[in-house]
1. Within a 10 angstrom radius of the beta carbon, how do F144, F272, F183, F168 rank from fewest other beta carbons to most?
2. Order these by the 10 Å Cβ neighbour count, fewest first: Y131, Y76.
3. Separation between the D157 and R225 pseudo-spin-labels, each 7 Å from Cα along Cα→Cβ, expressed in nm?
4. Could you compute the FRET efficiency for V122 and H90, with r as their C-beta to C-beta distance and R0 at 30 Å, rounded to 0.05?
5. May I ask you to compute the full-extension gain from S307 to S38, defined as 0.36 nm times their residue separation minus their alpha-carbon distance, rounded to one decimal in nm?
6. Going by Cα centres, the stretch 223-265 and the stretch 162-189 are how many Å apart?
7. Ordered by residue, what ³J(HN,Hα) values in Hz, to whole numbers, does the stretch 123-130 give under the Karplus form 6.51 cos²θ - 1.76 cosθ + 1.60, where θ = phi - 60° and Gly and Pro are x?
8. If R0 is 25 Å, what FRET efficiency do you get for R201 and R112 from their C-beta distance, rounded to 0.05?
Amino acid sequence: MSRPLSLLLVLGACGSPPSPAEAPPPRSAAPAPPTPPSYEVHEWGLVRRVFPDRVVVSGPRNLQAVPMPVAKPVLYFHRDGDGPLSIDVHVSMPSGHVAEHWPLTTRERAPRSIRWEGVALVEGSCRGARYPSASDAPCYALDFCEAAELANVETDDGDCVNVGGEPFDHLFYRGEVTSPPSFPLELALEGEVLRVTHRGREPIPGRLVRVRRSGAVVSVVDPPRPGGSVVLPTPATPNGEGAHALRGSLEAAGLTAAEAEAFARAWDEELFGTLTASVATIPPATVAAMPMGPSPDDALLYVLPPSHADALATLRFDPPPRAVRRAIVAWIDVALGRPVRR
C-alpha cells in the first residue's frame, strides 16, 4: 500500500464517529417536583318541609315526622397531589343545631356546630370501618338513626377519610333548623300548568322536574334565568325520565356520577315511586322501615343554588379546598307552593 493511501485510511479512521458501544450515556431527566396536595368536597342532600311549616334537609333517607327540622347531607372528598393531607372540618347551623353526626368526635364546640380535627385524606376509596347499631351512640338517644344507614351511600370514586385512625368513605351530619330559609323559585298553578318564576340571583343547576306520583309520570324543563319564568305542563312522561334528569342536575351541580347514583339509591323510590321509564335506573337501597307520612302527589324537584345551601348549613375547612360542590335538592309540594309537608 502506498503512503498517500495509508495516510488517507488513518485520517478517515480518526474522523469516523464512535461506535454505539463507545457513545456517551444520555443525560437522565431531572425528576419532576412533587405536587402539593389539594382536595375538593362534594355534598348532597334533600330539603323539604315538615309540619308545622318547618324545613328539613336529609341525606341518605328521609325521616319520619320529627318535632324540629332536620339537616343531614353527606360529604365526599377527592384529593390530588403528593404527600400527606390533614384537614379540619367544621359544620355549623346558623339557625339551629347539629343533632347527629358520624364518625363521632369529642370536639363539639357548641350545640350549633360540630368539628372534626386532623382528618387525613388518603388516596383511594375505602369502606367505612364501622357504623353504629341502635344501641350505640349516637343512635340510642334518637327515634331513628340515619348514621346506621350510611353504608348504603358509599361510593367507589372518592378518597378515603381517616378519622381517629379509622377509615370512612364520607362524613355526615344531621341538624335541626328553626328558621325556614328562603327558596329561589316561586310557584303558581294556572289550571294544570305550573308556572315557575325565578326570584333569586343565581342560576339553578340542571333542570326542573315535576312529578305526578299517582300516574308515575313527570314533566321536565330547563329552569328559568334569574328574573324569568317557565311553565311545566301536566306530567305525561314516564317517571324514570325524571329520575334520570335529576341525576343529571346533581352532576351539573358538581357531583360525580357515582355520587349522583348514591343519591338515587337513597331517594328515587320516595320521590318518584316505582320507576317506569326505559332509561337506566338505580335500585333503591335496602333500609329499615320508617314511619312516614304520604308523599305529595304533585311535586317539583330542583337543585338549590350554592348560597341557599349555605343558608342551611355553613361548611368551613382548614386548609381550604380548591372547590366545594353542594347539591341540595329542593322537594316542593306544588299544591302548597312550598317545601313538602309531612
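Each reported figure results from applying straightforward, stated rules to the coordinates on display, with no laboratory input. These figures come from a predicted structure and were not determined experimentally. FYI the Cβ positions are ideal-geometry reconstructions off the backbone, even for glycines, and counts take in every protein chain you see.
1. Details: F144 16, F272 29, F183 20, F168 23.
The fewest-first ordering by Cβ neighbours comes to F144, F183, F168, F272.
2. Working: Y131 17, Y76 26.
Final ranking by Cβ density, sparse to dense: Y131, Y76.
3. Distance between label points: 3.1 nm.
4. Values: r = 21 Å, r/R0 = 0.68.
Computed FRET efficiency for V122 and H90: 0.90.
5. Numbers: separation 269, 0.36 × 269 = 96.84 nm, distance 2.34 nm.
That pair, S307 and S38, stretches by 94.5 nm at full extension.
6. 19
7. 4, x, 7, 7, 8, x, 4, 6
8. Working: r = 27 Å, r/R0 = 1.07.
Here the calculated transfer efficiency is 0.40.
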